[in-house]
Structure formats: C-alpha cells, structure tokens
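Encoded as structure tokens, the structure appears first; notes follow it.
The values are calculated or read from the model by the stated rules, or taken from the named source; none is laboratory data. This one's a predicted model, so the numbers in the text were calculated from it and none came from an experiment. Reconstructed Cβ throughout: ideal geometry from the backbone, glycine too, with neighbour counts over all protein chains shown.
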Ligand code: G6P
C-alpha cells in the first residue's frame, strides 16, 4: 500500500532523494505524504495532505539538509487522510514510517497511554514511535529499543525508524510487507519498492520476513529479531528507466495501453521455440505438472479476471479441472487441496497481501504452487515452487492494462504445456496455437489504430451514469474487466455480466439511459446466443455498443447503435484483443471527465493489507 523511502549519505542529497523516491512511489498511495530529515541531531519534519506535489509546495525552497532521512506516501487504513495522520510519526526523539497494519494496536495503545505517552494521530503506526522512544527513555540502545518494539507488534509491517539519540543509522523491519535495502558508495538506500531507488543504485538486498536491518552510511547489518546476524545476498537488478517516464503520453495508463504489442512480444520471447513449432517454459518442471489432477487459480482485481480466463483455457486444452478463487476468500474457504493440486497465483506486483496469504495457505495445505507475476523476485515469486514471469515491464498506472494481457498470454502458453503433458493436444495443434500467439503483437497494434474511433465513442457516452458490459465464454471475464476499468478510473457505475444471465434479473435495469456494451467475437461458440441477448436489449430500448470481429455485425446492424470491429483472431486469443478497445474506452471517458487517471481516488497499485 503505502510507499516508503529512506536514505543515509550525503546531507545535501537527502531531500531530493526522498522526494524523487516518493514521486516514483506515488502509485502505491497518495492521500498524504511526509519526510523527516535528521540534521546532525535535529529532526525536521514536513507533512502534507494530498499528493507529493503538495509536500513539494510546502517544502518550497527550504534546504532541509541532513545526513539521513525517511519519507512516506500514504494510503489510509487507520484514520482519515489528513496531515496529522500522515507519516512520519514522532515520539520525543524518534520518527517512524510504517506500511502495514498493527493488529494488536488497541492493547499496545492503552499500555503506552498508561505510561504517559500522548497520541496525536488516529493511526496504528504512531505506536511504533512511542514503543521505540519508550525503550530509549529506559536507557536502552537504539538497536535494542527498535528490536523490542518490533517484537511487540503483530501484523504485516515494513518499518523504518530513526532517532536523534543515535543519528548515524536507520533501522528497518520487514515483516510480511516488502522493503529492500539499496547499496551505494558512502551512502545507502531503503525502499518499499525498487523503482524508488533504481536511478541511484541497482545493488539490492531483499530483506526476508522477520529481518531487521541496521543501515549506516558504510555498513548494513541484518539480524533476526533475536539479534542473530543473518546473511542476505546482494542482487543486481535491471530496470528500464523509460518505464518511469511518460514518454510523450499524457498518462502512464495510455502509455501502457500502447506498450502492449511490445510487452506481448517480450512475454513470448523465450517461451516459443526458434522455429515457431513448439512452446517451452524454461525452469518449469513439466513432469511435476503431468501429475496434477486439479488446479486452483487465484488473484485479486484484474489478476482475478485473468484467472477466470485461465480456467477456461486450461480446461479446454488439458481437461484438468480448474477452480477459480478470489484470493481474499480462498484463505478462509477451507479449500480442498492435496499434493496433486496445483495452485496458480496471479499477481502483477507479486506483493498483494490477499494473494500472498492465499499462497501461504495453499502451501500449508500441501499444494504445488506456481506464480504468474510481473515483478522479479517479488514476495509471491519467491514463495512459489515455480514462477512464470510476464514481461510487461514496470506498470505504473493504477488501472492494470499491459500486465493483464501478458497474464492472458502466459495462461494460454501454460494451457498448451498442460495439454501436451496430459496428452490432450497434438504437436500440430500446438504449432497452430503458436502461430496465433506470435500474431498477438501485430493484432494489438491493429486494434490500437481504432483509438480515434473509441475517443469519439467516449465523447458520445461520457455523460451516462450506468453501463452494462456483456460477454459469454472467454469474453465474460472481459465484460467484468471492461466494467472494472470504467469504475476504477471514470468513477462510473458499470456492471459486467454473463450475457445469458442478463434476462434473469439485471435486464430490469435496461432502458435508454443504460448503454449496454457487448463483447462478441464472431467465432465464439455462443455467438448466435449472444445475438439473441442483443435483441432482448434492443427490445427494451437499450443503447447498444457492439464489439465484434470483422463482419461479425453485418446482419445485425439494426440492433446496434455503435460498432467496434476488431480483426479476426483465434477465439482463444480473443480476450487479449477485445480488452484493448475497452481499456481505451475507459481511458477516454476518464480523460473527458478530468479524473486522476493514473492515481484514481481511494485506490492503490499495490495493496499490501488484507
Ligand atoms: C489493486 C490494484 C488493481 C490490481 C489488484 C491486484 O487493487 O488497484 O489494479 O488488479 O490490486 O494486484 P496484483 O498486483 O496482485 O495483480
């Protein structure tokens, strides 16, 4: 959720590194922010409600020099978005930034109150500042005080703490919330996500759960919570700095929509043989996959929608039964799992708490696990038995686009592998499927050429308050995803339904004020049925936007108000194609409405609380 950044080194660089880091992390949360800079042994804190730009305005020309500092951008969990609830939180000489939730905060708060500590915010995080300060007041060292505090709190946490009493170190805790240390020369960095610090260093140390790092200018010591030193390897990470620039686009979301041909190509690279005859997944143990009797796919938000499509693809191509679960429900659903069950967890970020907790539960129950994720070495990647990386590149826009289409590609590839492992599809089928796969980048490029047409549609439809998206089969989840995109960034109420289910209730909503958007590639098994549904809507004066493949609407134009026609493609690939116009539609409506497209209200890109 919240973003954290920390720095120790050159006093003149601290302010800039913290602010730039926070700007790069703003997608994690953006309701308030703040920094604390320790200058010799004096702490200067500036906080502001709203975006980082507000913090920058407030800091203005202030020098804010200091040998070390911490910064935070918040997504509210405890307490409203306000300056007083913004981090860093302080107690006496101690300042702290925190990401996560302290589950036992009620009892800790009352203990601390009894000791005379005064709380000024509504946050659970303030507890950490008081706990550390309490240790220091009792004569303990900073390290001992921090360790004592960290041992007391329960729940997922990433914390960075500083104190005026020992102004030459920052202390970091990782407990189920991501945080890394970046190594430099005479300087070191801390960040909840690598993008915050990648312009300064690519030498990264990933902390493990239960690690506490003492970060000094020339030294980083990592221990467990008993004080025993632990070794964590330095990893050299690569990252494309262009991912963090808008590259001439007005928003990251539009840039990322347009990057889809490239991200599809990158995702396919290395997964298809040089002669285009077969599919390979390096590092994936196909022998193990052969034994699988049941699969469960799970994820949240957009990743959940790709799981729904993954189920249909896997079942079609391999006949292995697949269940789909919303990650936040899975953990508490008493799932039926044994060692022949494969649980596939899907997460762009690889850090979503609901998904990573579901993964741990699956492992506990003895399932084999496979992650599909976009972030190298992320928590979910590290916890899973096997990983397939999507190669979408860093996704910054909160509304997921290119990560989704690359997840679908991976599912299609995996379905072929499973189909082969189970002897359900032939080499010829695979080589024909490979042809469809390699055609995807060009297919998306062609669909992007419809942008002007979609923009015009957005002009026509932006004043409606309710939308219905309808699809069948592989395109029912696309109806859900199209509706989600519109909700997320345009704040327009939109529902996705299975087209056939419409007549069982939701059709009561339909009149000339509720546009209905059909997603209906002509070669879909249920195409004639969806035409029946189209007629039902028109009979009730519904406004119809019909998204289909070439000539799909030729005989039905009288029922259609607006047509979006995309090139013909293999039905199994169609969700990758049909989602693109819907991403553009949501984008252009949001643009007309003037919403904050890359950072829509109330949302965060990476949700690390359950
Ligand atoms: C958040 C984001 C969504 C995303 C979901 C799952 O809610 O706002 O866009 O789909 O998390 O994220 P993940 O990183 O696990 O795919």
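For region 312-320, check the following and say yes or no: at least one residue is within 16 Å of the ligand (Cβ to nearest atom) and either part of a strand (DSSP E or B) or in contact with a helix residue (DSSP H, G or I) (Cβ under 7 Å, 6 or more places away or on another chain) (or both).
There is no residue in region 312-320 that is within 16 Å of the ligand (Cβ to nearest atom) and either part of a strand (DSSP E or B) or in contact with a helix residue (DSSP H, G or I) (Cβ under 7 Å, 6 or more places away or on another chain) (or both).
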Consider residue 54 carefully, then state whether it is within 24 Å of the chain's Cα centre (by Cα) and either part of a helix (DSSP H, G or I) or on the phi > 0 side of the Ramachandran plot (or both).
-> no
Output for region 158-168, where each listed residue is surrounded by fewer than 24 Cβ atoms within 10 Å (Cβ to Cβ) and in contact (Cβ under 8 Å) with a residue 60 or more places away in the chain = 164, 165, 167, 168
Only one of 57, 49, 109, 115 is buried (at least 17 other Cβ atoms within 10 Å of the Cβ) and more than 24 Å from residue 193 (Cα to Cα), namely 109
Check off (1) within 11 Å of the ligand (Cβ to nearest atom); (2) within 27 Å of residue 483 (Cα to Cα) for residue 389 and give me the number that stays unchecked.
-> (1)
Tell me, which helices (runs of 4 or more DSSP H) lie completely within region 395-455 with 3 or more residues that are under 30 Å from residue 25 (Cβ atoms)?
-> 402-421
Of the conditions (1) part of a loop (DSSP other than H, G, I, E, B); (2) touching a helix residue (DSSP H, G or I) at 6+ places or on another chain (Cβ under 8 Å); (3) at negative phi, the single one that residue 64 does not satisfy is (3)
Note: among 455, 435, 460, just one is surrounded by fewer than 22 Cβ atoms within 10 Å (Cβ to Cβ) and outside the structural domain of residue 562 (by TED's automatic domain parsing), namely 435
Within region 514-544, tally of residues that are free of Cβ contacts under 8 Å to residues at least 24 places away in the same chain and within 11 Å of residue 561 (Cβ to Cβ) = 1
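Condition first: away from the ligand (no atom under 16 Å from the Cβ) and surrounded by fewer than 19 Cβ atoms within 10 Å (Cβ to Cβ). Now tell me which residues in region 321-359 satisfy that.
Within region 321-359, 321, 323, 332, 333, 334, 336, 338, 339, 340 qualify.
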Consider residue 478 carefully, then state whether it is away from the ligand (no atom under 16 Å from the Cβ), at pLDDT 95 or above and part of a helix (DSSP H, G or I).
-> no
What number goes with the only condition from (1) within 27 Å of the chain's Cα centre (by Cα); (2) more than 16 Å from the ligand (Cβ to nearest atom); (3) surrounded by fewer than 22 Cβ atoms within 10 Å (Cβ to Cβ); (4) over 21 Å from residue 459 (Cβ atoms) that residue 570 does not pass?
-> (1)
Any residue at all in region 395-403 that is within 12 Å of the ligand (Cβ to nearest atom), more than 29 Å from residue 444 (Cβ to Cβ), modelled with pLDDT under 95 and surrounded by fewer than 24 Cβ atoms within 10 Å (Cβ to Cβ)?
-> no
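Table: residues versus (1) under 24 Å from residue 450 (Cα atoms); (2) within 34 Å of the chain's Cα centre (by Cα); (3) buried (at least 20 other Cβ atoms within 10 Å of the Cβ).
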site: 486; (1), (2), (3): yes, yes, yes
site: 501; (1), (2), (3): no, yes, no
site: 510; (1), (2), (3): no, yes, yes
site: 514; (1), (2), (3): yes, yes, yes
site: 558; (1), (2), (3): yes, no, no
site: 563; (1), (2), (3): yes, yes, no
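For residue 579, state whether it is crowded, with 19+ Cβ neighbours inside 10 Å and either farther than 27 Å from residue 264 by Cβ or within 16 Å of the ligand (Cβ to nearest atom) (or both).
Details: crowded, with 19+ Cβ neighbours inside 10 Å: yes; either farther than 27 Å from residue 264 by Cβ or within 16 Å of the ligand (Cβ to nearest atom) (or both): yes.
Here the answer is yes, as residue 579 does meet what is asked.
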Has region 4-19 got any residue that is more than 24 Å from residue 129 (Cα to Cα), assigned to a helix (DSSP H, G or I) and free of Cβ contacts under 8 Å to residues at least 40 places away in the same chain?
-> yes
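Of the residues 418, 408, only one is away from the ligand (no atom under 16 Å from the Cβ), surrounded by 24 or more Cβ atoms within 10 Å (Cβ to Cβ) and touching a residue at least 12 places away in the same chain (Cβ under 8 Å); which? Give the steps one after another, and end with the answer.
Values: 408 fails: away from the ligand (no atom under 16 Å from the Cβ).
Every option except 418 fails the conditions.
Rundown of residues vs (1) out of contact with any strand residue (DSSP E or B) (no Cβ under 9 Å at 6 or more places or on another chain); (2) farther than 17 Å from residue 293 by Cβ, yes/no style:
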| residue | (1), (2) |
| --- | --- |
| 328 | yes, yes |
| 332 | yes, yes |
| 335 | no, no |
| 340 | no, no |
| 347 | no, yes |
| 350 | no, yes |
Mind checking which residues of region 360-381 are more than 14 Å from the ligand (Cβ to nearest atom), in a loop (DSSP other than H, G, I, E, B) and within 20 Å of the chain's Cα centre (by Cα)?
-> 377
